Amino acid sequence: MAEKIDFSKVRFLIVDPNGLALQMLNDILAMLGANYVRRASDYDKAMAVIKEGGIDIVITERDLTPLSGIDMLDYIRKDPASRDRLLPVIVLTARSEEPFVIEARDHGANEFVAKPYTVDSLYKRLAAIIAFPRPYVNAPTYFGPERRRRQQPFNGPDRRGVDPNAPPR
Amino acid sequence: MAGQKVQIIQPSGDLRKRAVNFKTGFGVVLSAGETQKLQTVVEKSSEKFVRDIGATLRKLREDLAALPEGETLTREMLQRVGNDAIDIKGLGGTFKFPLLTQIAKSLHDYVLQIKTPGAWNAVIVGHHIDALYVVLAQRITGFGGQVESELLVALRAASAKYK
């Protein structure tokens, strides 16, 4: 029997300054069965919801005012006051060029979806976060989800210090 | 960094436990029927998209037309054009108007690189807005035909020439 995702059990915060984009995302989530969707059109309103807590997934545009979706990620991942540093965040943005993808990834985004998007592409990212959550990495210069997607054999030194069988450095 | 180990934190699994099951909801991998069902949401919003973007473009056209003779775009206008262009870029393809997305990207890229606004900038911005308006008014979904491809090439060439 195949696994299913019951979206009525998932609490969303969606953030986009464009009313039509926000409404469409809300409608897609409603069609999926989500019945807890908080909406915000700017950074401050989104942060108020995040600080309240009780959100499972954030989907945010990068370009917000007065601060950006990347600043929001920084708060969630790095701020000592953050209630949930592991809160999954999808950056859904029209800034789809490579530097913006790298920026979002390096600030700890779980997934990146470029606008214009298809419902299928968005769904795949949601399913990945819910059904196949990645481990998080806490390193001196990075906190966020594991950035390597493919598991490939690695024969180099165990700099992470996670392999009990690794030879001493 | 030497000696500072990296910590791997496994996700709690709480969300998976709550939401993943074998009875209700959408498949982890969408079936064709489920994709179709979700696509109806986009189709329902399509008319609103055409209305909203049409209104945005009309306003931009009016503001450009209202520029006094010899005046060019202000920084504030450029900012607004850039913001509207990125919105159209982000939405067009979702509503099956990928040509709108491409023209809007060309406009956004053009506006971004303007350092000191000059008379030509308003002309090039105006041509982009006219092109966006025509694509929307004619409901040119998909990438259009040869004329549309040539239009895009011409807009990019003009943008490169009149920086």
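The values are calculated or read from the model by the stated rules, or taken from the named source; none is laboratory data. Every value quoted in this text rests on a predicted model; they were computed, and no experiment measured them. As a convention, Cβ positions derive from the backbone with ideal geometry for all residues, glycine included, and neighbour counts pool all protein chains shown. These area figures cover heavy atoms from the full protein model, side chains too; ligands, DNA and RNA do not enter into them. Shrake-Rupley method; radii C 1.70, N 1.55, O 1.52, S 1.80 Å.
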Subject >> Part-to-part distance (alpha-carbon centres) for region B:69-138 and region A:19-34, which is given in Å >> reply: 27
Subject >> P(r) of chain B over all Cα-Cα pairs, binned every 10 Å from zero, in whole percent >> reply: 9, 30, 23, 14, 14, 9, 1
Original post:
Averaged over peptide B:79-92, how many Cβ atoms belonging to another chain are found within 10 Å of each residue's Cβ?
Top reply: 4
**OP:** Please report, in debye to the nearest 20, how large the charge dipole of chain A is about its Cα centre when each Lys and Arg carries +1 at its beta carbon and each Asp and Glu carries -1 there.
**Re:** 500
**OP:** Please compute P(r) over all alpha-carbon pairs of region A:1-57, binned at 5 Å starting from zero, and give each bin as a whole-number percent.
**Re:** 4, 19, 27, 22, 16, 6, 3, 2, 1
Subject >> Tilt relative to chain B, helix B:98-112 - C-alpha long axis, 0 to 90 degrees, to 10 >> reply: 70
**OP:** For chain B, give the magnitude of the charge dipole about the Cα centre (Cβ charges: +1 Lys/Arg, -1 Asp/Glu; no others), in debye to the nearest 20.
**Re:** 800
Original post:
In the full protein assembly as shown, how much of B:PHE22 is accessible to a 1.4 Å probe, in Å² to the nearest 10?
Top reply: 100
**OP:** State the percent of C-alpha pairs, over all pairs in region A:11-143, separated by a distance greater than 20 angstrom.
**Re:** 39
**OP:** Note down, for the protein assembly as shown, the three equivalent ellipsoid semi-axes (square root of 5 times each alpha carbon gyration tensor eigenvalue), biggest first, whole angstrom.
**Re:** 40, 25, 19
**OP:** Would you tell me the mean number of C-beta atoms belonging to other protein chains that fall within 10 Å of each C-beta in B:36-46, as a whole number?
**Re:** 4
**OP:** Please sort B:61-67, B:152-158, A:129-135 by packing, taking for each peptide the average over its residues of neighbouring beta carbons within 10 angstrom, highest first.
**Re:** A:129-135, B:152-158, B:61-67
Original post:
What residue among B:THR72, B:GLN10, B:VAL50 has its Cα farthest toward the positive end of the dipole of region B:3-100, where the charges are +1 on Lys, Arg and -1 on Asp, Glu, each on the Cβ?
Top reply: B:GLN10
Original post:
Per-residue mean of other chain beta-carbon atoms within 10 angstrom of the beta-carbon, peptide A:130-137?
Top reply: 5
